[in-house]
Amino acid sequence: MLDTLTPETTPRPAQLHGLRPGPVQHRVVVHRPGVPRPALRRSTPGVAPSALPPSEQRRRHPAPVPAPELRLTRRGRLTVLIASLLLLCTAFSVGQVMSNAATSAPQPATHTVVVAPGDTAWSIARAAMPHLDGRQAVDRLLAVNHSDGNIRVGQTLTVPGS
């Protein structure tokens, strides 16, 4: 049948719907109060379209669904473990740096010397601090011992390490 259709034999849309050819016809629908509209009619007779069902027949809203519990995959657990270890190492590193920053410079080691006969402040200072100039070494030795430069045999002197 499709092979035999030609422009002369092809039906017009008006002919398909059973209307006569010619200008388009419109159907006018007048609404009268009290008469139900055809589009709003329900399949059950006697129920007005605007009537609501009784409260026990109304559809209740379902209870809110609780959020699903958090589930971690194997990769997620590994990521959490690595992140925790990195955070822990970072905290220890920061603590170590802060504890080192709070301490003052280390004090040079000191030792005591008992003055023997023939010892001088110069000889004791040069023996204890050979890398310093002799005058600076003597000044340090006398400053540590709160001395005016007079030393006696048998006196105990505190000698700075460097």
Point to revise | Accessible area of region 111-153 belonging to carbon and sulfur atoms, whole % at 1.4 Å probe | key: 54 percent
Point to revise | Full-extension gain in nm, A109 to L132, via 0.36 nm per residue minus C-alpha separation | key: 6.7 nm
Check your understanding: Hey, got a sec? Which trypsin sites (Lys or Arg not before Pro) in region 60-160 land in a DSSP loop and have at most 16 other Cβ atoms within 10 Å?
Key -> R60, R71, R152
Check your understanding: Among residues other than A137 whose Cβ falls under 15 Å from its Cβ, what is the net charge (Lys/Arg +1, Asp/Glu -1)?
Key -> 0
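The values are calculated or read from the model by the stated rules, or taken from the named source; none is laboratory data. Just so you know, these numbers come straight off a predicted model, no measurement behind them. Counting neighbours? That spans all protein chains shown, and the Cβs are built from the backbone with ideal geometry, glycine included. Only protein heavy atoms, including side chains, enter the accessible area calculation; ligands, DNA and RNA are left aside. Shrake-Rupley method; radii C 1.70, N 1.55, O 1.52, S 1.80 Å.
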